[in-house]
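The values are calculated or read from the model by the stated rules, or taken from the named source; none is laboratory data. Note that the coordinates shown come from a computational prediction; the quantities given were computed from them, not determined experimentally. Quick reminder, even Gly has a Cβ in these numbers, built from the backbone with ideal geometry, and neighbours come from all protein chains shown. Quick note on the areas: whole protein, heavy atoms, side chains included, nothing else; ligands and nucleic acids left out. Shrake-Rupley method; radii C 1.70, N 1.55, O 1.52, S 1.80 Å.
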Amino acid sequence: MTKPVLLTMTDVRIDGRAGDDWLPIVKGVDLTLHRGEVLGLIGESGAGKSTLGLAAMGFTRDGCRISGGSITFDGIDLVNAPESEKRSLRGRRIAYVAQSAAASFNPAHKLIDQYAEAPVVHGVMDRAKAEKDATDLYRRMRLPDPEGIGFRYPHQVSGGQLQRAMTAMAMACRPDLIVFDEPTTALDVTTQIEVLAAIRDIVAQFDTAAIYITHDLAVVAQMADRIKVLLRGDEVEEADTRTMLDAPAHEYTRTLWAVREHARAQQPPASGTPVVSVRGVTAGYGIATVLDGVSFDVHARRTVAVVGESGSGKSTAARVITGLLPPRSGEVLFDGKPLPPDYRRRTRDQLRQVQMIYQMADTALNPKLRLRELIGRPAQMYLGLSGRALTDRIRDLLHLIELDPDRFIDRLPSELSGGQKQRVGIARALAAEPKFIICDEVTSALDQIVAEGILRLLDRLQGEFGLAYMFITHDLATVKAIADHVVVMQNGRVVEQGPKDGMFRPPHDPYTELLLSSVPEMDPDWLTRLLAERGATG
């Protein structure tokens, strides 16, 4: 029996401000959602997915407006309702899980305080009950130390743990509707399975409706009852999940469904002195040890992929290489010579040669600076460029990342999509003309089409300039596409490493086998089957 309709969006049109003009972002989209139903919303970066998801809450970002159509939530007109009425719904009956947890939490308050705020303010429960409820949901989200993790600050947990804490927070008031905006983007494959299972169980248990926004087609196949495809603000097609997977009607959808085709050409064996060598590095924070005797090499024109679960030490290794975290023991060599462990003791040229592209573009880009300043500063500081030469270099870099300089050079980060922000981070790293670049989940926020373009770009730049890459990722499809060598980390140690081709052939270390078996498949029954198999094996 079909459940009652909870949300109806009819001919919704949303515009974004461009100078003195308004340009269409969403161009007349219809959407119907029943209680307890999950609708997957997919499409490439800039398709209007997040804009439409926010509109389902009666909300638009700064610089946007709902210019037409109607949005009705459980009989309430969200286009014309007073702002006070809409605020009373948000957090209580409609919740939102953002793509970037690091940018969404208040860094000055503990997780438990931020969890308890909504249920206490909305009168759903008192503080003591909210704390008890938080512990229960933290446990359901498979967070470590569920009784104590809420009393940490956001910076004291990993990105994946923070994303799970935000998902729990959205469920605090047991809302009727949750908008999930790429909720597993920052998660490794094993953690992603746990979170997807927890989301699915809680949605079913409380009969919660959800809009699930993602560019990961294998993930949406596990979560959604129906799928809607968007392209540049237009609706392409909509169907139930199995029909959409088996027989997409539109050519664009079939393009999305295509397996990523980019594959790095076979490279000759590495030789000579590595650009970067990590030698027996042990490091940590306070009394906690995060890295324990880690060693690996990265050669010119080579990509070393570092994979592992959230908290395995991947990003900490990057912090040691960049000099942000001096190791307790061991050393980092650049072109065979030791690098000073603290970046403040490194020369300007040593700093220039090691650059980093960060995972969270939302927090990595200064929101007050325009793109010409964000990209231009490294070229100005390290290469001494100024005036017309600097402007030309900025425009060249924007061309490299496929952003039109005439349209984008004076934009602020808030005027970009998530994928566009990540590309700006890539351009900023390239601006210094380094020999070694650490790519920290650089494609995790991008849809498949854009991600493939970025991988091709990185591959081409590596060939042209002889760059060495350390590629931190939880996406094993990306590893297969771009890596020459794979380093698998668990609990701060290297459990296995070797050439890519050998790493994807059995026999594997048990932990590597766990990672490989956790990659979602384009089969709606895959997650159910995997959870049953793992439950059966204990």
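Does L457 count as modelled with pLDDT of 85 or more and closer than 29 Å to T255 by Cβ?
Working: modelled with pLDDT of 85 or more: no; closer than 29 Å to T255 by Cβ: yes.
Judged against the criteria, L457 is not a match.
Assuming S312 fulfils every condition listed in (1) out of contact with any helix residue (DSSP H, G or I) (no Cβ under 7 Å at 6 or more places or on another chain); (2) closer than 24 Å to G418 by Cα; (3) modelled with pLDDT under 95 apart from one, which condition is it?
Here S312 clears every test but (2).
Restricting to the stretch 154-169, what's the tally of residues that are touching a strand residue (DSSP E or B) at 6+ places or on another chain (Cβ under 7 Å) and closer than 13 Å to R140 by Cβ?
Final tally of qualifying residues: 1.
What number of residues within the stretch 118-145 satisfy the criterion of being modelled with pLDDT of 95 or more and closer than 25 Å to A288 by Cα?
Qualifying residue count, the stretch 118-145: 1.
Being open to solvent by 70 Å² or more (accessible area, probe 1.4 Å), among the charged types (D, E, K, R) and in contact with a Pro (Cβ under 9 Å, 6 or more places away or on another chain) narrows it down to one of E521, E513, E533, so name that one. Can you show your working first?
Working: E521 fails: in contact with a Pro (Cβ under 9 Å, 6 or more places away or on another chain); E533 fails: in contact with a Pro (Cβ under 9 Å, 6 or more places away or on another chain).
Only one candidate passes the filter, namely E513.
Which residue out of G75, G48, G58 is on the phi > 0 side of the Ramachandran plot and open to solvent by 20 Å² or more (accessible area, probe 1.4 Å)? Before you say what the answer is, go through the steps one by one.
Details: G48 fails: open to solvent by 20 Å² or more (accessible area, probe 1.4 Å); G58 fails: open to solvent by 20 Å² or more (accessible area, probe 1.4 Å).
So the residue among G75, G48, G58 that is on the phi > 0 side of the Ramachandran plot and open to solvent by 20 Å² or more (accessible area, probe 1.4 Å) is G75.
Please determine, by comparing only the residues of the stretch 112-134 that are among the hydrophobic types (A, V, I, L, M, F, W, C) and in a helix (DSSP H, G or I), which one is farthest from E309 (Cα to Cα).
As a first pass, look at the stretch 112-134 and keep what is among the hydrophobic types (A, V, I, L, M, F, W, C): 112, 116, 118, 120-121, 124-125, 128, 130, 134.
The next check asks that each one be in a helix (DSSP H, G or I); those that pass are 112, 116, 118, 120-121, 128, 130, 134.
Working: I112: 24, A116: 28, A118: 31, V120: 34, V121: 36, A128: 33, A130: 29, A134: 24 Å.
The qualifying residue farthest from E309 (Cα to Cα) is V121.
Starting from the stretch 405-428, keep only residues that are of a type outside the set (D, E, K, R), then list their pairs with residues that are in a helix (DSSP H, G or I) and open to solvent by 10 Å² or more (accessible area, probe 1.4 Å) whose Cβ atoms are within a distance under 6 Å, requiring at least 6 positions of separation or different chains.
Here the result reads P405/R395; I409/R372; P413/K421; G419/V450; Q422/A361; G425/A361; G425/A364, each pair linking the stretch 405-428 to a residue that is in a helix (DSSP H, G or I) and open to solvent by 10 Å² or more (accessible area, probe 1.4 Å).
Which one of these is touching a residue at least 24 places away in the same chain (Cβ under 8 Å), over 27 Å from L52 (Cα atoms) and outside any loop (DSSP other than H, G, I, E, B): L137, L162, L196?
Details: L162 fails: over 27 Å from L52 (Cα atoms); L196 fails: over 27 Å from L52 (Cα atoms).
None of the other options fit; the residue is L137.
Return the residues of the stretch 23-45 that are hydrophobic (A, V, I, L, M, F, W, C), open to solvent by 10 Å² or more (accessible area, probe 1.4 Å) and either farther than 24 Å from P413 by Cβ or outside any strand (DSSP E or B) (or both); say none if nothing qualifies. Break it down into steps so the answer makes sense when it comes.
Of all residues in the stretch 23-45, those hydrophobic (A, V, I, L, M, F, W, C) come to 23, 25-26, 29, 31, 33, 38-39, 41-42.
Filter once more, so that each one left must be open to solvent by 10 Å² or more (accessible area, probe 1.4 Å): 23, 25, 38.
Result: V38, single match.
Which of (1) assigned to a helix (DSSP H, G or I); (2) at pLDDT 85 or above; (3) open to solvent by 20 Å² or more (accessible area, probe 1.4 Å) does I426 not meet, given it meets every other one?
Evaluating I426 over (1) assigned to a helix (DSSP H, G or I); (2) at pLDDT 85 or above; (3) open to solvent by 20 Å² or more (accessible area, probe 1.4 Å) leaves (3) as the failure.
Looking for something in contact with a strand residue (DSSP E or B) (Cβ under 6 Å, 6 or more places away or on another chain), surrounded by 15 or more Cβ atoms within 10 Å (Cβ to Cβ) and at pLDDT 95 or above - is there at least one such residue anywhere in the stretch 374-381? Lay out the reasoning, then the answer.
Our first condition is that a residue be in contact with a strand residue (DSSP E or B) (Cβ under 6 Å, 6 or more places away or on another chain); within the stretch 374-381, this holds for none.
No, every residue in the stretch 374-381 fails to be in contact with a strand residue (DSSP E or B) (Cβ under 6 Å, 6 or more places away or on another chain), surrounded by 15 or more Cβ atoms within 10 Å (Cβ to Cβ) and at pLDDT 95 or above.
For the stretch 176-214, name all the residues that are of a type in the set (D, E, K, R) and more than 18 Å from F59 (Cβ to Cβ).
Of everything in the stretch 176-214, those that are of a type in the set (D, E, K, R) and more than 18 Å from F59 (Cβ to Cβ) turn out to be D188, E194, R200, D201, D207.
Go through the stretch 403-423 and give me each residue that's open to solvent by 20 Å² or more (accessible area, probe 1.4 Å) and either in a loop (DSSP other than H, G, I, E, B) or β-branched (V, I, T) (or both).
First, pick out the residues of the stretch 403-423 that are open to solvent by 20 Å² or more (accessible area, probe 1.4 Å): 404, 406-407, 410-412, 414-415, 417-418, 420-421, 423.
Hits for the stretch 403-423 are D404, D410, R411, L412, S417.
Which condition breaks for Y469 when tested against (1) surrounded by 21 or more Cβ atoms within 10 Å (Cβ to Cβ); (2) more than 28 Å from S271 (Cα to Cα); (3) of a type in the set (F, W, Y)?
All conditions are met except number (2).
Please work out which residue is surrounded by the most Cβ atoms within 10 Å (Cβ to Cβ), limiting yourself to the stretch 78-107 and to residues that are without any contact (Cβ under 8 Å) to a residue 24 or more places away in the chain and within 26 Å of V203 (Cβ to Cβ). It would help to see each step written out before you state the result.
Taking the stretch 78-107 first, the residues without any contact (Cβ under 8 Å) to a residue 24 or more places away in the chain are 78-85, 87.
Imposing the further condition that a residue be within 26 Å of V203 (Cβ to Cβ) reduces the set to 78, 81, 85, 87.
Details: L78: 22, A81: 17, E85: 12, R87: 13.
Going through the qualifying residues, I end up with L78.
Is it the case that some residue within the stretch 499-517 is in contact with a helix residue (DSSP H, G or I) (Cβ under 6 Å, 6 or more places away or on another chain), within 19 Å of S310 (Cβ to Cβ) and either small (G, A, S) or modelled with pLDDT of 90 or more (or both)?
Taking every residue of the stretch 499-517 in turn, none turns out to be in contact with a helix residue (DSSP H, G or I) (Cβ under 6 Å, 6 or more places away or on another chain), within 19 Å of S310 (Cβ to Cβ) and either small (G, A, S) or modelled with pLDDT of 90 or more (or both).
Among residues belonging to the stretch 354-371 that are without any contact (Cβ under 8 Å) to a residue 60 or more places away in the chain and not in a helix (DSSP H, G or I), point out the one that is most open to solvent (accessible area, probe 1.4 Å).
Within the stretch 354-371, the first condition is being without any contact (Cβ under 8 Å) to a residue 60 or more places away in the chain, and the residues that meet it are 366-371.
In the following step, the residues that additionally are not in a helix (DSSP H, G or I) were identified as 366-370.
Values: N366: 68, P367: 93, K368: 173, L369: 24, R370: 98 Å².
Filtering first and then ranking leaves K368.
If you check every pair at least six apart or on different chains, which have Cβ atoms under 8 Å apart with a residue in the stretch 56-71 that is closer than 15 Å to K27 by Cα and in contact (Cβ under 8 Å) with a residue 12 or more places away in the chain first and a residue that is aromatic (F, W, Y) and open to solvent by 20 Å² or more (accessible area, probe 1.4 Å) second?
R65/W22; S67/W22
Applying the selection to the stretch 324-348, what residues are part of a strand (DSSP E or B) and surrounded by 14 or more Cβ atoms within 10 Å (Cβ to Cβ)?
Filtering the stretch 324-348 down to residues part of a strand (DSSP E or B) leaves 329-334, 337-338.
If the condition is that a residue be part of a strand (DSSP E or B) and surrounded by 14 or more Cβ atoms within 10 Å (Cβ to Cβ), then G330, E331, V332, L333, F334 are the ones that fit.
Considering only residues of the stretch 466-498 that are among the aliphatic types (A, V, I, L, M) and at pLDDT below 85, which is farthest from Q192 (Cα to Cα)?
Taking the stretch 466-498 and keeping what is among the aliphatic types (A, V, I, L, M), we get 467-468, 470, 472, 476-477, 479, 481-483, 486-489, 494-495.
In the following step, the residues that additionally are at pLDDT below 85 were identified as 476-477, 481.
Numbers: L476: 13, A477: 15, A481: 21 Å.
Per the criteria, the residue is A481.
Within the group L351, L374, L398, L390, which residue is assigned to a helix (DSSP H, G or I), touching a Gly at 6+ places or on another chain (Cβ under 6 Å) and aliphatic (A, V, I, L, M)? Full working, then the answer.
Details: L351 fails: touching a Gly at 6+ places or on another chain (Cβ under 6 Å); L374 fails: touching a Gly at 6+ places or on another chain (Cβ under 6 Å); L398 fails: touching a Gly at 6+ places or on another chain (Cβ under 6 Å).
Criteria check complete, one pass: L390.
Quick one: how many residues across the stretch 426-450 are closer than 18 Å to V306 by Cβ, under 16 Å from the mean Cα position of the chain (by Cα) and among the small types (G, A, S)?
Number of matching residues: 1.
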